[in-house]
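Colleague: Quick one: the structure is below, questions incoming.
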Amino acid sequence: MSSKLRIFMTGVGGQGTLTATTLLARAALSVGLPVTSGEIHGMAQRGGVVESTLLIGCKSPKIGLGEADILLGFEPLETLRALPYLKPGGLVLSSSEALPPPSVATGKETAPSVADIRAKVTACCGNACFLPVRSLGVQAGAVQSGNIALLGALCALGALPFGKDVIAATIRATMKPKVAEINLKALELGAACPA
Amino acid sequence: MAHPLLAGAPGETHLFLGNEAIVRGAIEAGIQFITCYPGTPSSEVPDTFFRLSPEAAYTFEYSVNEKVALEVAGGATLAGALSMVTMKHVGVNVAADPLLTLTYIGSPGGLVLLSADDPGCHSSQNEQDNRIYARLAGMPCFEPSSAQEAKDMTCAALGLSRELGAPALLRTTTRVNHLRGPVILGEPTVLSKPAGFQKNPSRFVPIPAFARPMHLRLLERIEALRERAESSPFNVVSGAGTVGVVASGISRAYLSDALDETGLLGKVKTLDLGFTYPLPEKLLASFMQGLGTLLVIEELEPVLETEIRALAQRLGLTLNILGKTPGPLPRFGEYDVALVQTALRAALGLPEPKKQACACGDASEVALPAALPNRPPNLCAGCPHRATYVAVRKVFGDTAVYSSDIGCYTLGLLPPLKAADFLLCMGSSISAGCGAAKAAGQTVVGFIGDSTFFHSGITGLVNAVFNRHDILVVILDNRTTAMTGHQPNPGVDKTNLGDNPVRVDIEPLVRGIGITQIRKVNPLNQKATLAAIEELKDLSGVRVLIAEEPCPLFARRAYGQKRNQVAYVAGDCAASAQDGSCGDCLNTLACPAFYVEDGKMAIDPLLCSGCMLCLQICKNIKARKGDAK
């Protein structure tokens, strides 16, 4: 049972959440781990929430409430929304840069501030790491590559049963050279974050 | 480089989406002919077949609807081609007419129908259980639970269908279609060219005299199929004990993890059913011997449970059967590992597990999510549907009833557009709109997209003319099937693979039906659109407005469309301006590019698509050069 690992990922449609999920799944498979991943989208492509999962040592592609070892949030409000999926003692890695939903952007509703979200998440799990994912992506060459920075940070924390080198090899093997270069840079930028 | 779905060598392991694994399974079986109508969660199957089609040996088409898709593939299998038809669960309702007679006639070349069901209604209007169609039509049913099984069962179902001439059902659920897992490849088969149709009216023309013996042959075939299910490698018994569990589909994955988590692996007797209909009765009879309790785990309807109860009664067994009638399991929504664990414990007489705690306390009563602002899917920035809805609302407001249909434009349901009052199914906007208008004399505006119009809107429009209904039909022609991933339909000029050489024009088609009150506009031209709607409002009878403008996401990719201007707020648009001092775009358009800063409206230049709708509504908004999009 200890060989099981469940990662819950959440973000906003168009952010590249599913690209990151597939990359991680390919990396896991490349080192021979029994991996399953799942995704729920459909209508989510139109700016809605995109949730995906990656499980090692499980048959189910689904993660229930309180079951995730790791929560990867590509948007802070979505990190907070998905927090009930995290198990006690679990790890949270999240973007610290908000993409407010339209109701918030137009002042019709208010969302908790990133500082509030940070405080709430840290109070819940203590084991949280926030990084400026979009800025790191822009720094690497494309805003979407910020997701890969989050994976880099995950590797640096030693939270995966394989290292950054495996993800780097998967990026090289599956992406066009130009895109791969940006994502490799993002991976390094992310890995340098958790100090 | 050829795609591993086509070129992958036997023995290689690849990570495939469930839907990609289905494509590989079909290729390994030697698939020759594929038809479909796209729909989530099935769409990646036909889209993958389409993408690979320039390099592949099969014939592929996007058909205009599911009935047509099954009929085309039905003809292909009669001519000897190994065929597959793909659709989402509600599509099978559309295809039910040919389906229920095709199983009488049989499929000489082999035919598999993929029905992608959607427990939990992730992207559907209902969660109907299409395993019932296997019973109704008399076709074998396969229910995979992993990517590997999705490939293996597709291949096996096609082979069995061809061997016995029996149309087969491959029934998946959203979780299976959209999971990814390792798939070990097998050897692709190359079949000889289809032999062509062999004339034999008593076998292929179901006039009553021939249909009666056809039905008898179908019943015999079901028994032959049952024998195959008895010995199928997809039906596996394991474990031991006096408590048994039968599980099907994705529930088998949940059961496997639940047994592992609870340490019960090997301590209960399990029957994994993958080839689920016809029910392998001998296998089940032997499985039930010595059991005191049997738990049946299947999402949605108690299909297997009811059949197993009937079998137990016939065999005179007195074991206690649990499932949903009565039992611990619900008849709606998706299952998961925790739910299966709870059901297992109930079957074993163990105390209920402690509620799974999450990092913030008791997971069952987490207070967080409800209080957070939602992020509902929305029409994209620059979506032409928004422009049409704004104009229609300006003319009709809440005085008209808005009959909606299925597509991106259903998202116009939410305020401030509020452009969807009711919806039945694909194509219903016109026909149901006619009924609503005639019953009580209300003004009805029906909205239908181009693909949905071709799917089943045309028949409703012909009916509206013939029965002299009173309706304004707005055809939202965005030149593609946007919602499901930009698949082509008969009206498009571009597909993801290039030009569409044969285009069916909507306007002459509508004219040909006999409708004369037609206007065609580009909805991004608000003045012309408003004028056309005003004119049509003053008329009666069947009126059609064609609002034509490509989906901007598709236009960028397929047409290479570049817009190098963005909108910005030059004047003062207060966030709460409803005093007439500005156009109040913020509160009437719901464009995702709008936001409020320091109480004033602003436009995000990165999100603005340059459609310039807001410019035409508010004098304070101007255009400037921006990044080409």
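The values are calculated or read from the model by the stated rules, or taken from the named source; none is laboratory data. Owing to the predicted nature of the structure, the values given are computational and were not obtained by experimental measurement. Here the Cβ positions follow ideal geometry from the backbone for every residue, glycine too, while neighbour counts run over all protein chains shown. We work out accessible area using only protein heavy atoms, side chains counted, and drop any ligands, DNA or RNA first. Shrake-Rupley method; radii C 1.70, N 1.55, O 1.52, S 1.80 Å.
Colleague: Mind grabbing the accessible area of residue B:627 for me, 1.4 Å probe, Å², rounded to tens?
Modeller: Surface open to solvent at residue B:627 totals about 110 Å².
Colleague: Can you give the accessible area of residue B:117, probe radius 1.4 Å, in Å² rounded to 10?
Modeller: Per-residue accessible area (residue B:117): approximately 0 Å².
Colleague: Next question. In vacuo Debye scattering of region B:19-107, one point per C-alpha: log10 I(q)/I(0) at q = 0.10, 0.13 Å⁻¹?
Modeller: Listed by q, the Debye log ratios stand at -0.22, -0.37.
Colleague: Moving on. I need the Kirkwood Rh of region B:4-230: take the reciprocal of the average 1/r across all distinct C-alpha pairs and report it in angstrom.
Modeller: One over the average 1/r among Cα pairs gives 17.2 Å for region B:4-230.
Colleague: Calculate for chain A the 222 nm mean residue ellipticity that helices alone would give, adding -39,500 (n - 2.57) per DSSP H run of length 4 or more and normalising by residue count, nearest 500 deg cm²/dmol.
Modeller: -12500 deg cm²/dmol
Colleague: For the protein assembly as shown, just the Cα atoms, rotate onto the principal axes and tell me the three extents in Å, largest first.
Modeller: Its Cα atoms span 81, 73, 53 Å along the three principal axes.
Colleague: In Å², what does the accessible area per residue of region B:565-625 work out to with a 1.4 Å probe?
Modeller: Result: 48 Å² per residue.
Colleague: Residues of region B:4-230: accessible area per residue at 1.4 Å, in Å²?
Modeller: 33
Colleague: May I pose another question? Rounded to the nearest 10 degrees, what's the angle between the helix B:526-537 long axis and the longest principal axis of chain B, both from Cα atoms, 0 to 90?
Modeller: So the inclination is approximately 80 degrees.
Colleague: How many Å³ per residue does the convex hull of the Cα positions in region B:235-354 occupy?
Modeller: 93
Colleague: Still on this model: Where does the longest stretch of chain B lie that holds no chymotrypsin sites (Phe, Trp or Tyr not before Pro) found in a DSSP loop with 15 or fewer other Cβ atoms within 10 Å?
Modeller: In chain B, the maximal stretch lacking such sites is B:333-629.
Colleague: Need one number: % antiparallel among DSSP beta bridges in the protein assembly as shown, to the nearest 5.
Modeller: 40
Colleague: Same structure again: So how strong a dipole does region B:565-625 carry about its Cα centre when Lys and Arg Cβ are +1 and Asp and Glu Cβ are -1, to the nearest 20 debye?
Modeller: Around 320 debye, computed over region B:565-625.
Colleague: Still on this structure, I have one more. Provide the per-residue ³J(HN,Hα) series for region B:2-18, in order, calculated from phi with Karplus coefficients 6.51, -1.76, 1.60 and θ = phi - 60°, each as a whole number of Hz, with x at glycine and proline positions.
Modeller: Each residue's phi maps through the Karplus curve to give 5, 5, x, 5, 8, 9, x, 8, x, x, 5, 10, 10, 8, 10, 5, x Hz.
Colleague: If we count every other residue with Cβ under 15 angstrom of residue B:506's Cβ, Lys/Arg +1 and Asp/Glu -1, where does the sum land?
Modeller: So the surrounding residues net to -2.
Colleague: Continuing with the same structure: Find the sum over both chains of the accessible area lost when A and B are paired, probe 1.4 Å, and report it in Å² to the nearest 100.
Modeller: Chain pair A/B: roughly 4600 Å² of buried accessible area.
Colleague: Taking region B:196-273, which trypsin sites (Lys or Arg not before Pro) meet the DSSP loop condition and have no more than 14 other C-beta atoms within 10 Å?
Modeller: Passing sites in region B:196-273 are B:199, B:267.
Colleague: Further question on the same structure: If you place +1 on the Cβ of every Lys and Arg, -1 on the Cβ of every Asp and Glu, and leave all else neutral, what size is the dipole of the protein assembly as shown about its Cα centre, to the nearest 20 Debye?
Modeller: With Lys and Arg at +1 and Asp and Glu at -1, about 740 debye.
Colleague: Follow-up question, since we're still on this one. Just which residues of region B:165-179 lose 30 Å² or more accessible area with every protein chain there, against their chain alone, with the probe set to 1.4 Å?
Modeller: Hits at the 30 Å² cut-off: B:175, B:178, B:179.
Colleague: Leaving out ligands, DNA and RNA, and with a 1.4 Å probe, what % of the accessible surface on chain B is carbon or sulfur?
Modeller: About 55 percent, which is the carbon plus sulfur part of the accessible surface.
Colleague: Oh, and also: Of B:476, B:518, B:561, whose Cα points farthest to the positive end of the dipole of region B:464-563 (charges on the beta-carbon: +1 Lys, Arg; -1 Asp, Glu; origin at the Cα centre)?
Modeller: Checking the options against the dipole of region B:464-563, the answer is B:561.
Colleague: Ok, one more. If you average 1/r across every pair of different Cα atoms in region B:565-625 and take the reciprocal, what Kirkwood value do you get, in Å?
Modeller: Answer for region B:565-625: a Kirkwood hydrodynamic radius of 11.2 Å.
Colleague: Now for a separate question. Spelling out what I want: for every residue of region B:198-214, take phi, set θ = phi - 60°, compute 6.51 cos²θ - 1.76 cosθ + 1.60 (Karplus), and round to whole Hz; glycine and proline get x.
Modeller: 9, 4, 5, x, 5, 8, 10, 10, x, 5, x, 4, 8, 5, 4, x, 4
Colleague: If you line up the long axis of helix B:384-396 against the longest principal axis of chain B, both from Cα atoms, how many degrees apart are they, to the nearest 10?
Modeller: 60
Colleague: List every residue whose amide H lies under 5 Å from the amide H of residue B:493, counting only residues 5 or more places away in sequence or on a different chain, with H placed 1.01 Å from N in the peptide plane.
Modeller: none
Colleague: Excluding ligands, DNA and RNA, what is the solvent-accessible area per residue of region B:235-354 at a probe of 1.4 Å, expressed in Å²?
Modeller: Using a 1.4 Å probe on heavy atoms only, each residue of region B:235-354 averages 38 Å².
Colleague: Right, next: Give me the compactness ratio for region A:131-195, meaning the Cα radius of gyration over 2.2 N^0.38 Å.
Modeller: 0.99
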